[in-house]
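Single-structure report; data block below.
The values are calculated or read from the model by the stated rules, or taken from the named source; none is laboratory data. Computed from a predicted model, the values in this text were never measured in an experiment. Because the Cβ atoms are built from the backbone with ideal geometry, glycine has one as well, and the counts that use them run over all protein chains shown. These area figures cover heavy atoms from the full protein model, side chains too; ligands, DNA and RNA do not enter into them. Shrake-Rupley method; radii C 1.70, N 1.55, O 1.52, S 1.80 Å.
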Amino acid sequence: MSLIVQKYGGTSVGTPERILKVARRILKAQATGDEIVVVVSAMSGVTDNLIGLARQVADHPSEREMDMLLATGEQTTIALTAMAINALGGKAVSLTGAQAGIVTDGVHTKAKIANITPKRIHRLLDGGHIVIVAGFQGESFDGHITTLGRGGSDLTAIALAAALGADLCQICTDVDGVYTADPRSVPSARKIAEVSYDEMLEMASLGSKVMQSRAVEFAKKFGVIFEVRSSFNDEPGTIVKEETSGMEKVVIRGVSVDRRQAKVTVNRVPDRPGVASRIFTGIAAGINVDMIVQNVSADGTTDISFTTHSDELPKIKRLLGPLVGEIGAHSFSAQGGIAKLSVVGIGMRSHSGVAAKMFELLGEAGINIQMITTSEIKISVIVDEERVDEGANLVHAGFGLGEETPRFAKSIVS
Ligand code: ADP
Ligand code: ASP
Ligand code: MG
């Protein structure tokens, strides 16, 4: 007998019919003799709708109340899923995050899991129940409801699998697994059979929203091997695990796109120690800055550019206005409409020529690269959002990712 944790995302439980389908799948899994713990998300669109409602009653709702509100999305789904299973003759009990023993820190809307005491889950499993746990939520040490950041049901599933010592953790979603690129925008994308934690983590952080990046981080830390697979069929999905020696042979594992980015440039910043620190401490409050580029200095001044999510633009403008005067810079400009296009692969550690090839592919198509960053296993460029899908398709094809056996380094650098 195995203990299986299955997570079903928003689309998979998006309608009553789909909840009934999921309920049948869960019962089928249990019928083979396994113990099943299920994590569910809010029905698709519900979390976004709740955020929209909050904005209609308050410009800056408190994050505590946001968590109280958002947690209701998942609470609806756990009850409906348990009801569906029971109506089909099974035995299921739903638990909120707090009831499941998920304790977090007190950072509302992006809480971190501190510990899980799954006593109640074990007791229910021992009684022959299927346990349905609300994803995305927990309870802080002092008893407030918290949420784990967008896409956080993935994290609930991985963390529960670790705490329960589950034999299998399945992330069931609306695609058949992790693909070489988002199949919605790159039609030739292919399912990847196995991917390392590091590659999955980069892909997730660089915009491949099929997994929440914090969930992958957690899985890597605690060695939770998991599978991303379809909720709608029984095809094998993608296994995410520690890298194996064969994995480095593939230079590029995937292409990721992060849309709705914005570029901010502070013009003619005095080139002296402490100024960059003043700019970035000044805007650090709650703003996630991504790439940072400083130009060479001319006439004792330099330009500093950075990227962020375009939702941050109003906040950035509010904070940068006074700062520009204070540090003696000339002005600043802020512009949305850009996107980040990245290639990811642990094979880049041992193969050269990837950046050159990527720039060549984009250059030939006349797609202008506005910024570049690299790490050991990724190359990211900023391009116009309008052309990012075209760029993703070109890069995907150029590296042979749509082919059955992706081409190796030799053919890439030749
Ligand atoms: P869920 O609601 O099940 O959590 P998500 O919408 O969060 O599902 O994630 C699944 C979606 O992720 C897919 O529909 C797909 O469009 C998108 N996606 C982005 N990048 C990838 C990728 N590399 N492989 C598979 N899916 C991807
Ligand atoms: N419902 C939450 C969200 O939409 C959590 C999740 O779906 O994983 O972000
Ligand atoms: Mg998701």
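Listed by position, the strands (runs of 3 or more DSSP E) inside the stretch 1-102 whose residues that are out of contact with any Lys or Arg (no Cβ under 7 Å at 6 or more places or on another chain), surrounded by 14 or more Cβ atoms within 10 Å (Cβ to Cβ) and β-branched (Val, Ile, Thr) number at least 2 are 3-8, 35-40. Taken over the stretch 282-308, the residue count meeting the criterion of being open to solvent by less than 50 Å² (accessible area, probe 1.4 Å), out of contact with any strand residue (DSSP E or B) (no Cβ under 6 Å at 6 or more places or on another chain) and outside any loop (DSSP other than H, G, I, E, B) is 2.
Could you go through the stretch 319-327 and let me know if any residue there is of a type in the set (A, V, I, L, M), open to solvent by 30 Å² or more (accessible area, probe 1.4 Å) and at pLDDT below 95. Yes, the stretch 319-327 has at least one match. Condition check for Lys112 on (1) in contact with a Cys (Cβ under 9 Å, 6 or more places away or on another chain); (2) within 16 Å of ligand 2 (Cβ to nearest atom): one failure, at (1). Among the residues of the stretch 258-281, none is identified as among the hydroxyl-bearing types (Ser, Thr, Tyr) and either assigned to a loop (DSSP other than H, G, I, E, B) or at pLDDT below 90 (or both). Among the residues of the stretch 110-143, write down those that are more than 16 Å from ligand 3 (Cβ to nearest atom) and either at pLDDT below 95 or assigned to a loop (DSSP other than H, G, I, E, B) (or both). Result: Ala111, Lys112, Thr117, Pro118, Gly127, Gly128, His129, Phe141, Asp142, Gly143. Residue pairs whose Cβ atoms lie under 8 Å apart, sitting 6 or more positions apart in sequence or on different chains, and linking a residue in the stretch 40-59 that is on the phi > 0 side of the Ramachandran plot to a partner that is within 16 Å of ligand 3 (Cβ to nearest atom) and open to solvent by less than 40 Å² (accessible area, probe 1.4 Å), are Gly45/Gly10; Gly45/Gly14.
Listed here are the residues, each with its yes/no results for (1) more than 14 Å from ligand 3 (Cβ to nearest atom); (2) in contact (Cβ under 8 Å) with a residue 24 or more places away in the chain; (3) closer than 16 Å to Ala134 by Cα.
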position: Ile145; (1), (2), (3): yes, yes, yes
position: Arg150; (1), (2), (3): no, yes, yes
position: Thr156; (1), (2), (3): no, yes, yes
position: Leu160; (1), (2), (3): yes, yes, yes
position: Ile171; (1), (2), (3): no, yes, yes
position: Val175; (1), (2), (3): no, yes, no
position: Val178; (1), (2), (3): no, yes, no
position: Pro183; (1), (2), (3): yes, no, no
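None of Leu155, Leu168 is open to solvent by 60 Å² or more (accessible area, probe 1.4 Å), farther than 30 Å from Gly391 by Cα and touching a Phe, Trp or Tyr at 6+ places or on another chain (Cβ under 9 Å) except Leu168.
For the stretch 321-341, the set of residues classified as in a strand (DSSP E or B) and under 10 Å from Arg268 (Cα atoms) consists of Ser331, Phe332, listed by residue number. Looking at (1) under 18 Å from Gln6 (Cα atoms); (2) within 13 Å of ligand 3 (Cβ to nearest atom), which is the only condition Ala204 fails? Only one criterion in (1) under 18 Å from Gln6 (Cα atoms); (2) within 13 Å of ligand 3 (Cβ to nearest atom) is unmet by Ala204, namely (1). Any chance you could count how many residues in the stretch 131-181 are of a type in the set (Phe, Trp, Tyr) and on the phi > 0 side of the Ramachandran plot? Number of matching residues: 1. In the stretch 1-17, the qualifying residues are those that are without any contact (Cβ under 8 Å) to a residue 60 or more places away in the chain and not aliphatic (A, V, I, L, M), and the one that is nearest to Leu164 (Cα to Cα) is Gly10.
Take Glu74 and decide whether it is under 24 Å from the mean Cα position of the chain (by Cα) and within 16 Å of ligand 2 (Cβ to nearest atom). Answer is yes for this residue. Filtering the stretch 239-249 to residues that are surrounded by fewer than 23 Cβ atoms within 10 Å (Cβ to Cβ) and not charged (D, E, K, R) leaves Ile239, Thr244, Ser245, Gly246, Met247. Scanning the stretch 210-251 for residues that are within 20 Å of Ala163 (Cβ to Cβ), more than 18 Å from the chain's Cα centre (by Cα) and within 16 Å of ligand 2 (Cβ to nearest atom) yields nothing.
Of all residues in the stretch 325-338, those that are small (Gly, Ala, Ser) and within 15 Å of Ser305 (Cα to Cα) total 5.
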